[in-house]
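Written below as structure tokens is the structure these notes are about.
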Amino acid sequence: MSDAEMKAMEDSNDDSMEAAEDNDHGKSKDAGSDAEESSDDSEMDDDDDDDNDAAEEARQIKQYLELLGKIQEDKYNYDTYVQLLEIAHQMTDLDKIRQSAEIFAEVYPLSPEIWLRWLKIEAAMASSPEQIKQVDALFRRALGDYFSVEVALEYANLAAKADKDQSEAIWDVLIPTYGLHVTKGRAIFEAYREDFLGKNEDSPDRLNRLARIYEQELKIPLKNMEDSYIEYKLLCEKYKDTLQDLNPEKFERRYRQAKELLQKMLPFEDRLVKLEPHCHQERAELYREYIRECRSQLGDDETQVLYERSVTDCCLDPTVWCDYLKYLDKYPPDEEEDSASPVFSQTTEMLVNRALRNCPWSAELYVEKLRIFEREKRDKADVLKIMEEVATVEFQAPEPAVKVWLEYLTYLRRHANFEDEKERDILRSNFELAWNQLGRTWGELADPECKILQFWGRLEYCLLGDPLKGRELWQNVMDSSDNCTRVGLWIEYAELESRRGTDPVRKVYRKAIGAVGLNDPETLAAAWMRFERCNGSLEQLASCQELCMATIQAYYKTLSQQRFAKGRRSDPKKDSDANESPKKKQLKRPHEEQPSADETAFKKPSIPSGPSVNKKQEPSLEDTTKRIRLDEPKSVDTSNDNRRLFFSNLSFDATEDQIRATFPELHFKSIELVHGSSGKSRGFGYAEFDSEQDVKKALSFDRRPLDGRPVFISSLARDKSARQNKFKYSEQFEPNKLFVKGLPFEATGDDVRKLFEPYGKLRDVRVVYYRSGKSKGLAYVEYETEVAAKNAVIHLDQHNMNGFTITVALSAPPPRGNPTATAPMAKDVEQSGSLGAGKRHLVKGDAKMKLSSMIPTALLRKTATAGSSGSSASPAVTTDKPKSNEDFRKLLLKK
């Protein structure tokens, strides 16, 4: 190649290199500009994200502060605390989470779910021994609130991060307590073995310790314990030359006992799992049955774990806490044994404080706390602090407050020195404080039965030594509410007045027998006559008998009028006919002529020596509920009668909400309760439904109890033939149904079912009740088969049930409306006392002597002989002619 060509190629390469450099420079310039543009865009996006985050954070802080303000206004609103804690978690601010949780824990115990969410964060962030120690303290607080295996397993995870000493301390808490959980305890032991193996090197001591852990687990009834048994056997087989102190016979015996107990406990565990979360009452009853059935085979620790589980699952049921308190009071922790578990180291005082944090509205728990302090001989100042705590509780009704005050006053009575006038005055001032404080809080609704005044009056008659003050208090009691209708209070008042002499007692009885609306005038009359027979003159006894007989006759006359009125009320057609007939004069019903005792105005007693009581203004009658006035004429609308039913025999206190709650299967369109002119319920009403199908369904619930009284449900059809209130039970012989009589009056359907269930499958059990809700002592038991019914008759006829001899027979009711069927005479009914009861035993004041028992036997035999001979000679001749005294004298003197 020539020099010229070489120079031309170099020039060409230089040019191409320059062009490439220029091209590269241009590309880099373009790339730089693109990078700058993308950087600007990302910065704008970041700014937007920062703005959104800042706005969200500001919103959360504002909401957090608002919730804190709500808590200051309403300290006991549980939902507000939950919302506050949720906002703190959304803010991902650990300080806020701690703050909100501590505020929450000051008022209410934290649920296991709340504790677990918080503790997982704390445990994840803990790294140093000091931090682990702080988290350990939080875990112990959590386990002190509720029994939770989930929290215990998270606590076990903390043991893996802790050193050996801390780890052992954690397992000393978990194994003796949470390792006893029937279905979840095995998971605790598995975590324990895993932590033990990870922190100990291979050695014979390590293997022996592992074998002891297996043996400790396998003597406890735990679900799937067979798997641990296999693992233990494999360990023993593999290291049989290394393992020491093995006792196969003792181990196998304990293992079999645990397996047998597990088979008894597992059905209860399965039933607990199947219960819906809202079935709190059923769960509480199931735990009671669980403990009752297994208690004899369980140790004290296993039993206490069941109680802990019950109060955790039913934490808002005060009765469950009371059951636990009674158990712990009977089996207190051993003071010499220092248990690391917060469960087994707690005292009754610690437990009742836990209970009150869950149920601060429960009067029963405050009563238990007062009694615990008294048993522990605490100072009166400590007991007074309990009453100060009670004063801050907002009870929903006055009855709980009255119950706590009565318990406190009883405590003061037991510890008062009645020889010291100063202490007597202190006790009186506490009675006055209780009465006035209840009056200021509840007004006229406070203690309508005047239980506090009754208690005060009893003490004035005896221990306080001022009968005149006691008489003044009891006069206030009897003038209050409907206490004047309660015969028991009158009799007690008379017995207290006997300390002042016979004349004050006589005045009380005379005033009592004249009271309107007495609930049991016969008992009052018998008590007064007993008193006069023992203490009165002939004239006083005669006057007493005259007044008592007049009162009893008026009482029975009123009862007959009320029965007639009820019959009229249960037949709406008669009422409508009376309203629609213009020619007939509209008459008042007998029970409307005079208001009953229940309808009288409430009268609050006053205490002359005490300060005045501020009474709350009662709401007007129009604001309380929807009412029907019987004294106002009203046009009858029959268009909806096919969708309406008549409800009767209701309690006077029954409300629309209670009726809906008693019949949750029904869809009510409206409920109208009938009220009198005073505004008090008359015990019946009308219900309208959406469809006729609902009406038919409602009729099937006739006689379902409400407040202990059977509710009568009947049709409103104007034509009697169209009414669906026919007798709904079979009138024919049923070989698979039994008729039971002589039952204890307190026996329920469940009691009867439990008695008859062992003899075959039951179809229905029905206990018969009076209108008042009291049992008649009768029941019908229907089996699926005839064989089961006959078997029950053979085994249970003349069976003794709680001291009552019951009669069991196949049900063969007489035809209804049969003219040949004999009805019991009034005298027979009177003598028998009750349809289902056995022989009636005479009690004091109840004996009715038969006149025939006062006639000499010879005279009875002679009269019977004369009567029989006369009847054979002439059937028409009778001995109805009364004999004179002279005739009797001749018969007695005749030899």
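The values are calculated or read from the model by the stated rules, or taken from the named source; none is laboratory data. A quick note: this is a predicted structure, and the numbers were derived from the prediction, not measured. Note that we place each Cβ from the backbone using ideal geometry, even for glycine, and neighbour counts take in every protein chain shown. SASA here: full protein model, heavy atoms, side chains in, ligands and nucleic acids out. Shrake-Rupley method; radii C 1.70, N 1.55, O 1.52, S 1.80 Å.
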Got a sec? Which of Lys238, Lys233, Lys259 is more than 28 Å from Lys330 (Cα to Cα) and surrounded by 13 or more Cβ atoms within 10 Å (Cβ to Cβ)?
-> Lys259
Scanning region 163-204 for residues that are assigned to a loop (DSSP other than H, G, I, E, B) and either open to solvent by less than 10 Å² (accessible area, probe 1.4 Å) or within 16 Å of Leu222 (Cα to Cα) (or both) gives Gly179, Leu180, His181, Val182, Thr183, Lys184
Identify all residues within region 648-699 that are in a strand (DSSP E or B) and open to solvent by 50 Å² or more (accessible area, probe 1.4 Å); write none if there are none.
-> Lys669
Please verify whether region 502-513 includes one or more residues that are touching a residue at least 40 places away in the same chain (Cβ under 8 Å), buried (at least 19 other Cβ atoms within 10 Å of the Cβ) and more than 20 Å from Ile552 (Cα to Cα).
-> no
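Which residue out of Asp300, Asp323, Asp329 is surrounded by 17 or more Cβ atoms within 10 Å (Cβ to Cβ) and either among the charged types (D, E, K, R) or free of Cβ contacts under 8 Å to residues at least 12 places away in the same chain (or both)?
Only one candidate passes the filter, namely Asp323.
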Cross-chain or 6+ apart pairs with Cβ under 9 Å, region 74-100 first and β-branched (Val, Ile, Thr), then surrounded by fewer than 17 Cβ atoms within 10 Å (Cβ to Cβ) and part of a loop (DSSP other than H, G, I, E, B) | Thr80/Asp74
Can you pull out the residues in region 393-420 that are closer than 13 Å to Lys451 by Cβ, of a type in the set (A, V, I, L, M, F, W, C) and open to solvent by 30 Å² or more (accessible area, probe 1.4 Å)?
-> Leu406
Positions within region 735-782 being of a type in the set (Val, Ile, Thr) and crowded, with 19+ Cβ neighbours inside 10 Å, in sequence order | Val740, Val752, Val765, Val767, Val781
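One line per residue, one yes/no per condition, for (1) at pLDDT 95 or above; (2) assigned to a helix (DSSP H, G or I); (3) surrounded by fewer than 12 Cβ atoms within 10 Å (Cβ to Cβ):
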position	(1), (2), (3)
Lys574	no, yes, no
Asp577	no, yes, no
Gln586	no, no, yes
Pro595	no, no, no
For residues in region 64-76 being modelled with pLDDT of 90 or more and touching a helix residue (DSSP H, G or I) at 6+ places or on another chain (Cβ under 8 Å), which is most open to solvent (accessible area, probe 1.4 Å)?
-> Lys70
Taking region 743-792 and keeping residues outside any strand (DSSP E or B), within 30 Å of Phe652 (Cα to Cα) and not hydroxyl-bearing (Ser, Thr, Tyr) leaves Leu743, Pro744, Phe745, Glu746, Ala747, Gly749, Asp750, Asp751, Val752, Arg771, Gly773, Lys774
With the first residue restricted to region 368-387 and required to be more than 17 Å from Arg413 (Cβ to Cβ) and at pLDDT below 95, and the second required to be open to solvent by 20 Å² or more (accessible area, probe 1.4 Å) and outside any helix (DSSP H, G or I), Cβ contacts under 8 Å at 6 or more apart or on different chains are none
